[in-house]
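Every number in this text was worked out from the coordinates using simple rules, so none of it is lab data. In this text, all values refer to a predicted model and were calculated from it rather than measured experimentally. Here Cβ is always computed from backbone atoms with ideal geometry, including for glycine, and neighbour counts include all displayed protein chains.
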Amino acid sequence: MEIEYTYWQSKDGFFIGYLNIWPEHLTQGKDIQELEEMLLDLYEFFKEEQDENKIIEKKVGQLKVTA
């Protein structure tokens, strides 16, 4: 099984990324290999939480802002 992720390199040289299935959770690594290790850790953590039904359904709200 493969899971897509999105990443970029910051100005300080670190690679920052997130799993596309959970984009709100960023992680980073000093290189791509370390970033992928951190992403795997995130996957294992959230998969475990999901399996134990600890993740509550996400909801979307709207916020009014003044221009």
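With the largest listed first and rounded to whole Å, the semi-axes of the equivalent ellipsoid of the chain from the Cα gyration tensor are 24, 21, 9. How far apart, in nm, are the 7 Å Cα→Cβ label points at residue 47 and residue 14? In this crude spin-label approximation the distance works out to 2.5 nm. Peptide packing for 38-46, 9-17 was compared via the average number of neighbouring C-beta atoms within 10 Å per residue; ordered from the highest value, the list is 38-46, 9-17.
Here the Karplus relation 6.51 cos²θ - 1.76 cosθ + 1.60, evaluated at θ = phi - 60°, turns the backbone of segment 16-21 into coupling constants of 10, x, 8, 6, 5, 6 Hz, with x for every Gly and Pro.
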